[in-house]
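One structure is given below, encoded as structure tokens.
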Amino acid sequence: MAEKPVHWLEIHEKEAAFQRQLRENKDVEKHFTDLHGPGWEKLLDLAQDENWYPFSYTKDLDGGSFPVLCIAGEENEHETAGVLKYKRNHKHVHGAVVPFASHLVHQQKPEDFNRFLHQFLESYPL
């Protein structure tokens with residue numbers, strides 16, 4: 001997210017409650033440990049604080065002119081808005097909004113994600 005949403009506290013509390021529920025389910029905990037390895041839950045612990053998200057860093061992409069690819073799923077309106085903002089403000093940013101996906105585009109639409117990533121990398125050969 002490029003900007004802190006107006007209703008951030010509501011969004012945060014909903015996500016924090018969902019994350020607490022995840023931690024209570026042993027099958028989910030095992031799944032994520034198998035997927036990410038031990039210690040993955042530290043991120044969920046950090047995310048319980050309403051000030052955890054680094055909006056001061058994501059507000060803009062100042063300070064660089066290197067190529068950047070931002071990909072977001074259309075179902076996540078705040079991330080999609082970020083892609084559009086970055087693209088609008090910086091010539092070196094390429095953006096892709098993937099239909100029928102949300103935050104985990106690489107898992108939900110891997111073919112689309114890989115196609116955009118491949119095209120981006122091909123545009124900047126070493």
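The values are calculated or read from the model by the stated rules, or taken from the named source; none is laboratory data. Computed from a prediction, not measured in an experiment: that's the story for all the values here. No Cβ is skipped: glycine too gets one built from the backbone with ideal geometry, and neighbour counts run over all protein chains shown. Note: areas computed on protein heavy atoms with side chains; ligands, DNA, RNA excluded. Shrake-Rupley method; radii C 1.70, N 1.55, O 1.52, S 1.80 Å.
Test of understanding: among Asp49, Asp60, which residue is without any contact (Cβ under 8 Å) to a residue 40 or more places away in the chain, under 19 Å from the mean Cα position of the chain (by Cα) and under 21 Å from Pro5 (Cα atoms)?
Asp49
Return yes or no: is Lys91 over 16 Å from Glu3 (Cβ atoms) and either touching a residue at least 24 places away in the same chain (Cβ under 8 Å) or of a type in the set (D, E, K, R) (or both)?
Considered against the rule, which asks whether it is over 16 Å from Glu3 (Cβ atoms) and either touching a residue at least 24 places away in the same chain (Cβ under 8 Å) or of a type in the set (D, E, K, R) (or both), Lys91 comes out as yes.
Which residue is farthest from Trp8 (Cα to Cα), if the candidates are limited to the stretch 38-48 and must be open to solvent by less than 80 Å² (accessible area, probe 1.4 Å) and either in contact with a Gly (Cβ under 9 Å, 6 or more places away or on another chain) or assigned to a loop (DSSP other than H, G, I, E, B) (or both)?
Gly39
Look through Leu61, Leu84 and report the one residue that is of a type in the set (A, V, I, L, M, F, W, C) and open to solvent by 60 Å² or more (accessible area, probe 1.4 Å).
That would be Leu84, the only listed residue that is of a type in the set (A, V, I, L, M, F, W, C) and open to solvent by 60 Å² or more (accessible area, probe 1.4 Å).
I'm trying to understand the selection: among the residues of the stretch 80-98, which are in a helix (DSSP H, G or I) and of a type in the set (Val, Ile, Thr)?
Answer for the stretch 80-98, where residues must be in a helix (DSSP H, G or I) and of a type in the set (Val, Ile, Thr): Thr80, Val83.
Residue under question is Ser56, and the condition is that it be more than 26 Å from Glu29 (Cβ to Cβ) and assigned to a loop (DSSP other than H, G, I, E, B); does it hold?
Spelling it out, it is not the case that Ser56 is more than 26 Å from Glu29 (Cβ to Cβ) and assigned to a loop (DSSP other than H, G, I, E, B).
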